[in-house]
Amino acid sequence: MINTAPLRQFAVVGNPVKHSRSPAIHEQFGRQTGVSLQYTLLESPLDAFTTTVTNFFDAGGWGLNVTVPFKEEAFALCGDGLSDRARLAGAVNTLWMQNGALRGCNTDGVGLLADIARLGVPVQGKRVLLVGAGGAAKGVLFPLLEAGCQVLRIVNRSAHRAHDLSAHTAAQLPQHASRLSGGGLDQAQGEWDIVINATSSSLSGEAPSLVGATYAKGALAYDMMYGPRPTPFMSQALDAGAEFVSDGLGMLVEQAAEAFLIWNGVRPETAPVLSTLRAAMQER
Ligand code: NDP
């Protein structure tokens, strides 16, 4: 049967945005689920994010992903239309219209948790070190706490940002306060079950210097960055005794699947899309 449903228009808005893999992911999700869609790249001027979003939805756009550096602006734009996940993260990566009002969610945390589950590592009862205090770290804090980690320490190059993030989260979620702490990279000492690199250090070819951090038996080191080769953080972690290492390509696909579900009401299969993406990345 010929599908005559109108094409749903999606885009990822960012600056820069040209390297985004989101169009390739969502086009595969669309083929898999029978949703007719077009997914494009939308580079917004840095000072015109609101106009870019408004124009997109006024022209009939169905859904937008938001990437660097606009996740916090997207949060501010949603007003009362924030999901709980977005409110707790303080950042939005998924936008849509509902009953004429802009809605926003953050799917990064769900994406990370789904990918860690795919890797077969339970978070419940684990000691977790989260490196970084930017938008990506904010997005995954609440889901990690909710998943029942025993301890969650945030460390960051600028120590005050980790302190602030830890204090802000503890104030919002007092039931989790006793498991949370924050400090500089020199506060990373301890034996960890899961270490997550939520910094962009790999962009400059380096790994954060985690003073005194060691890996427990069966530990996972997870870098949110991804690429054709192991990142500097992954190499550092293997040298330091981590048993499992992973980059963040799986998280990228999982957060996209969650956005697709919000927009289209159907959850796509992620495994085949991840395999295709990985193969394409390694061919380059
Ligand atoms: P932000 O710009 O908001 O934050 C960057 C963070 O990295 C800050 O904590 C910053 O520390 C730290 N940092 C930067 N350079 C270094 C360095 N050389 N050494 C130590 N720390 C450093 O970025 P995001 O939080 O949005 O993104 C972080 C990373 O996560 C990016 O690489 C992004 O691509 C990735 N990401 C991956 C996703 C996925 O689906 N796989 C989803 C979202 C993000 P300071 O505060 O001191 O500046």
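The values are calculated or read from the model by the stated rules, or taken from the named source; none is laboratory data. The structure displayed is predicted, hence computed values, not measured ones. When we count neighbours, we look across all protein chains shown, and the Cβ atoms used for this are built from the backbone with ideal geometry, even at glycine. The protein model used for the area step is the full one, side chains on, heavy atoms only, and it has no ligands, DNA or RNA in it. Shrake-Rupley method; radii C 1.70, N 1.55, O 1.52, S 1.80 Å.
Values for this structure:
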quantity	calculated
Residue in segment 123-146 that is touching a Phe, Trp or Tyr at 6+ places or on another chain (Cβ under 7 Å), open to solvent by 10 Å² or more (accessible area, probe 1.4 Å) and not hydroxyl-bearing (S, T, Y) present	yes
Segment 199-217: number of residues that are of a type outside the set (V, I, T) and either loosely packed, with under 12 Cβ neighbours inside 10 Å or in contact (Cβ under 8 Å) with a residue 60 or more places away in the chain (or both)	10
Pairs where the first residue, in segment 137-152, is outside the structural domain of E258 (by TED's automatic domain parsing) and assigned to a loop (DSSP other than H, G, I, E, B) and the second is open to solvent by less than 10 Å² (accessible area, probe 1.4 Å) and within 13 Å of the ligand (Cβ to nearest atom), C-beta under 9 Å, 6+ apart	A147/I116
When residues of segment 153-190 are limited to those that are part of a helix (DSSP H, G or I) and hydroxyl-bearing (S, T, Y), the one most open to solvent (accessible area, probe 1.4 Å)	S178
Given (1) over 19 Å from R118 (Cβ atoms); (2) in a loop (DSSP other than H, G, I, E, B); (3) not hydroxyl-bearing (S, T, Y), index of the condition M225 fails	(1)
Within segment 1-89, helices (runs of 4 or more DSSP H) holding 3 or more residues that are assigned by TED's automatic domain parsing to the domain that holds P268, away from the ligand (no atom under 14 Å from the Cβ) and closer than 18 Å to G265 by Cα	22-33
Some residue of segment 237-254 being of a type outside the set (S, T, N, Q), more than 9 Å from the ligand (Cβ to nearest atom), surrounded by 23 or more Cβ atoms within 10 Å (Cβ to Cβ) and not in a loop (DSSP other than H, G, I, E, B)	yes
The one condition in (1) under 30 Å from V128 (Cβ atoms); (2) more than 17 Å from the chain's Cα centre (by Cα) that V92 fails to fulfil	(2)
